Amino acid sequence: MIAHLSAEQLAECILGQPDAEVARHVEHCSPCRAELMQFREALGEFRGAVRGWSEEQASAVLADAAAVPEPRSFRASHQLAWALLIAAVFFIASFIAPGRWGGNAGGSAGGSAGYRAGNDALLLNQVDAQVSRTAPSSMEPLMKLVVEKQ
């Protein structure tokens, strides 16, 4: 005969899989039977708490799902659409406009082309001057000290 049930044997009884000797021991040993009953009660309370918690969570999720956000007003939606459309037009125009109206306040197309041609020539002259230097501009004072061989 078994002295008292181990934790594993108690778990087997709870699961309904005790061997014959363990089942006989539980029938005749009141301390083991009492411990088994306490274990079953604790598991029952735990089961009830888990079910209660899960029902609360499920009802909270359903309440959140049932809460439908207020739809935007028709006017607010159209205002946003118009604002986005205007922003897109200005964005596209910022790429197109500099090529057509090169910044000349005179307003004539011929004057604008002449103005750009003058700016382009000035820019090319500056680039040519920078590229044709034999030394960087920061080194030019030192170049005056060096005597050139002729």
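Only the coordinates and a few stated rules stand behind these numbers; no lab work does. Just so it is clear, the model here is predicted, and its values are computed rather than measured. A quick note on method: Cβ atoms are made from the backbone with ideal geometry, for glycine too, and the neighbour counts reach across all protein chains shown.
Simple rule: put +1 on each Lys or Arg Cβ and -1 on each Asp or Glu Cβ in segment 7-66, find the dipole, and look at Ala42, Ala7, Gln57; the Cα lying farthest toward the positive end is Ala42.
Which GluC sites (Glu not before Pro) in segment 31-62 sit in a loop by DSSP (not H, G, I, E or B) and have at most 11 other Cβ atoms within 10 Å of their own Cβ?
Numbers: sites: Glu35, Glu41, Glu45, Glu55, Glu56; in loops: none.
Passing both the DSSP loop test and the Cβ count: no residue.
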